[in-house]
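The values are calculated or read from the model by the stated rules, or taken from the named source; none is laboratory data. The model shown is predicted, which means the values in this text are computed figures rather than measured ones. Cβ: placed from backbone, ideal geometry, glycine included. Neighbour counts: every protein chain shown.
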Amino acid sequence: MKLSVSDLNSHYGPAHILFDINLEVGAGEVVALLGRNGAGKSTTFRSIIGLVEQRSGRVLFEGRDVSNSPTYDIVRAGLGYVPEERRIFSELTVEENLEVGRQPKRPNAPYWTRDKLFALFPNLGEMRRRPGGRMSGGEQQMLTIARTLMGNPSLVLLDEPSEGLAPKIIEQMVDAILTMKREGVSIVVSEQNLHFARLISDRAYLIERGQICFGGTMAELDARPDIRDAHLSV
């Protein structure tokens, strides 16, 4: 198992946000964490990667307990995180942004080069020397993912990768995620776009008000329209 989260609870000050979150991600899987805005998706990712200080529970990454590890240690272990905010360096070029993310090869993860990433995201290959601040939102999203892959992670947390993107860019994002999966990267995608999740995911968890209310395959989710419609805007 690449990632195993058990009884994860998180707080922001006095506010209890996550309640006993349990989820698992196997090798080479794409798993969707589905829910409306404010359901707890981003907090789940931030808690897994160690960015929420007030958290409890157990997080195992490739069999290693990282529950109390600092974020930089978790990232060095091979867990990548692509935040929703697309935090690129606006004054650096595409190539310079990628170099910021470079880490050594890992024995248990695919190795990414700039050329390999430009094949994955052809748009980036056409603007190698363009500053990040002069790119569209979709192009910035691609750059953020590519920069994370330069760290050669074995698992990536993608937070709302389709949000605000044009349909053509969403198609490219689907292709990129499926290619990452074929390369051997395990992926967790937080989404509220059910159609997008169907195109890329093997399994899904539904989260509502900080609690997991469903876990199963996409086919099992589609077989439960009562649960799906109650917790997703469809």
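Structure data summary
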{"quantity": "Search result, residues across region 22-55 that are touching a Ser or Thr at 6+ places or on another chain (Cβ under 7 Å), under 11 Å from S190 (Cβ atoms) and part of a strand (DSSP E or B)", "calculated": "V31, A32, L33"}
{"quantity": "So L199, is it at pLDDT 90 or above, within 18 Å of the chain's Cα centre (by Cα), of a type in the set (A, V, I, L, M) and surrounded by fewer than 19 Cβ atoms within 10 Å (Cβ to Cβ)", "calculated": "yes"}
{"quantity": "First in region 215-234 and polar (S, T, N, Q), second anywhere and in a helix (DSSP H, G or I) and surrounded by 13 or more Cβ atoms within 10 Å (Cβ to Cβ), Cβ under 9 Å, 6 or more apart", "calculated": "S233/L194"}
{"quantity": "Pick from region 68-95, criterion touching a helix residue (DSSP H, G or I) at 6+ places or on another chain (Cβ under 8 Å) and among the polar types (S, T, N, Q), ranking: surrounded by the fewest Cβ atoms within 10 Å (Cβ to Cβ)", "calculated": "S90"}
{"quantity": "Which numbered condition R55 misses (of (1) under 20 Å from P153 (Cα atoms); (2) surrounded by 16 or more Cβ atoms within 10 Å (Cβ to Cβ); (3) under 20 Å from the mean Cα position of the chain (by Cα))", "calculated": "(1)"}
{"quantity": "Count of residues meeting criterion [surrounded by 16 or more Cβ atoms within 10 Å (Cβ to Cβ), modelled with pLDDT of 95 or more and more than 20 Å from the chain's Cα centre (by Cα)] in region 96-115", "calculated": "0"}
{"quantity": "Matching option when the condition is in a helix (DSSP H, G or I), within 23 Å of V82 (Cα to Cα), modelled with pLDDT of 95 or more and in contact with a Pro (Cβ under 9 Å, 6 or more places away or on another chain), among M173, M180", "calculated": "M180"}
